[in-house]
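Reading through the structure tokens given below for one structure.
The values are calculated or read from the model by the stated rules, or taken from the named source; none is laboratory data. Since this is a predicted model, take the numbers as computed values, not measurements. Heads up, the Cβs are rebuilt from the backbone with ideal geometry, glycines too, and the neighbour counts pull from every protein chain shown. Surface areas here come from the heavy atoms of the whole protein model, side chains and all, with no ligands, DNA or RNA. Shrake-Rupley method; radii C 1.70, N 1.55, O 1.52, S 1.80 Å.
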Number of protein chains: 2
Amino acid sequence: MKALARHLLLELKECRHDRLNDINFLREALKDAAVAAGATVIQDSFYQFAPYGISGVVIIAESHLSIHTWPEYNYAAVDIFTCGMTTRPEKAADLITRRLEAKDAQLHEVKRGLMPDVPTSYPRQKVGLKA
Amino acid sequence: MKALARHLLLELKECRHDRLNDINFLREALKDAAVAAGATVIQDSFYQFAPYGISGVVIIAESHLSIHTWPEYNYAAVDIFTCGMTTRPEKAADLITRRLEAKDAQLHEVKRGLMPDVPTSYPRQKVGLKA
């Protein structure tokens with residue numbers, strides 16, 4: 001059984017508080033993380049919430065990265081979802097963990113799209129065409 | 001320990017093939033799913049890839065929904081990430097599963113942001129403010 005995609009779920013606790021409510025910092029961090037993973041950024045959407053907390057998604061040609069922050073708990077939930085054999089999502093996870101200075105980081109990997117007949121090096125590399 | 005958010009990972013196999021490459025259908029399905037879950041839609045971003053496959057994200061006030069499709073495998077990976085005590089993400093999962101006519105659907109729930117001191121009914125309801 002081979003997987004079509006790798007999905008990293010990153011639980012970041014005891015993060016540096018001010019960074020969890022800094023929308024520009026988080027946008028930059030996620031885009032840099034996508035590049036570090038070898039992914040191609042297509043678009044980002046980040047939102048600041050009241051009274052605090054930020055949600056952001058970076059769509060990449062190879063799937064997406066997302067972050068949701070709870071500054072009141074010094075916590076961020078990060079997802080790094082990538083397909084393709086050339087991306088290295090763990091590099092994105094490392095970068096975001098360092099940028100947020102998380103003292104407690106837990107990484108869980110979920111294989112998505114387990115199929116019996118996926119070739120080891122499946123050729124599809126997504127190339128974005130905006131609808 | 002209480003969780004700040006619920007994250008449903010939905011593996012949809014043996015879906016109806018044509019729907020996995022229909023960007024308007026998928027956009028509508030995910031937005032309808034968000035509403036069915038009691039969430040508030042803020043923005044959606046959907047992309048068609050070459051030669052096939054679609055990635056889409058719906059940002060909701062309570063976090064996000066995402067989908068990535070592989071029509072060549074009749075497969076879709078769906079994530080439904082919600083915070084707040086009033087959302088019902090399983091209703092979103094049900095709706096998407098039905099719309100894609102998936103014959104093989106597996107749902108996994110991950111509690112995100114497990115904290116010792118989260119009140120059972122924490123008051124924060126995100127209200128989106130676009131940055």
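Numbers below:
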read-out: Region A:1-77, dipole about Cα centre (Lys/Arg Cβ +1, Asp/Glu Cβ -1), debye to the nearest 20; value: 240
read-out: Computed helical MRE - 222 nm, the protein assembly as shown, DSSP H runs ≥ 4 contributing -39500 (n - 2.57), nearest 500; value: -6000 deg cm²/dmol
read-out: Nearest-10 value in Å² for the accessible area of A:Asp117, using the 1.4 Å probe; value: 100
read-out: B versus A: buried accessible surface, summed, Å² (probe 1.4 Å, to nearest 100); value: 4300
read-out: Trypsin sites (Lys or Arg not before Pro) within region B:1-83: DSSP coil, no more than 15 neighbouring Cβ in 10 Å; value: B:Arg16
read-out: Spatial separation of Cα centroids for region B:13-87 and region A:73-105, in angstrom; value: 22
read-out: Residue of chain A whose Cβ sits closest to the axis mapping A onto B, with distance in whole Å; value: A:Val57, 2
read-out: Only Lys, Arg (+1) and Asp, Glu (-1) charged, at Cβ; chain B dipole about Cα centre in debye; value: 460
read-out: Translational diffusion coefficient (Stokes-Einstein; Kirkwood radius from C-alpha pairs) of region A:5-112 at 4 °C, 1.567 mPa s, in µm²/s; value: 97
read-out: Residue-normalised accessible area of region B:5-111, expressed per residue, 1.4 Å probe, Å²; value: 36
read-out: Assigned charges on the beta-carbon of Lys, Arg, Asp, Glu; the protein assembly as shown dipole about Cα centre (debye); value: 100
read-out: Computed over the protein assembly as shown, Kirkwood Rh from alpha-carbon pairs, angstrom; value: 18.1
read-out: 0 to 90° range, to nearest 10: angle between helix A:23-36 axis and chain A longest Cα axis; value: 30
read-out: Aspartates and glutamates whose Cα lies under 16 Å from that of B:Lys111, excluding same-chain neighbours fewer than 8 positions away; value: A:Glu11, A:Asp79, A:Glu109, B:Glu62, B:Asp79, B:Glu90
read-out: Positive dipole terminus of chain A, leading residue within A:Val78, A:Gln106, A:Val41 (C-beta point charges); value: A:Val41
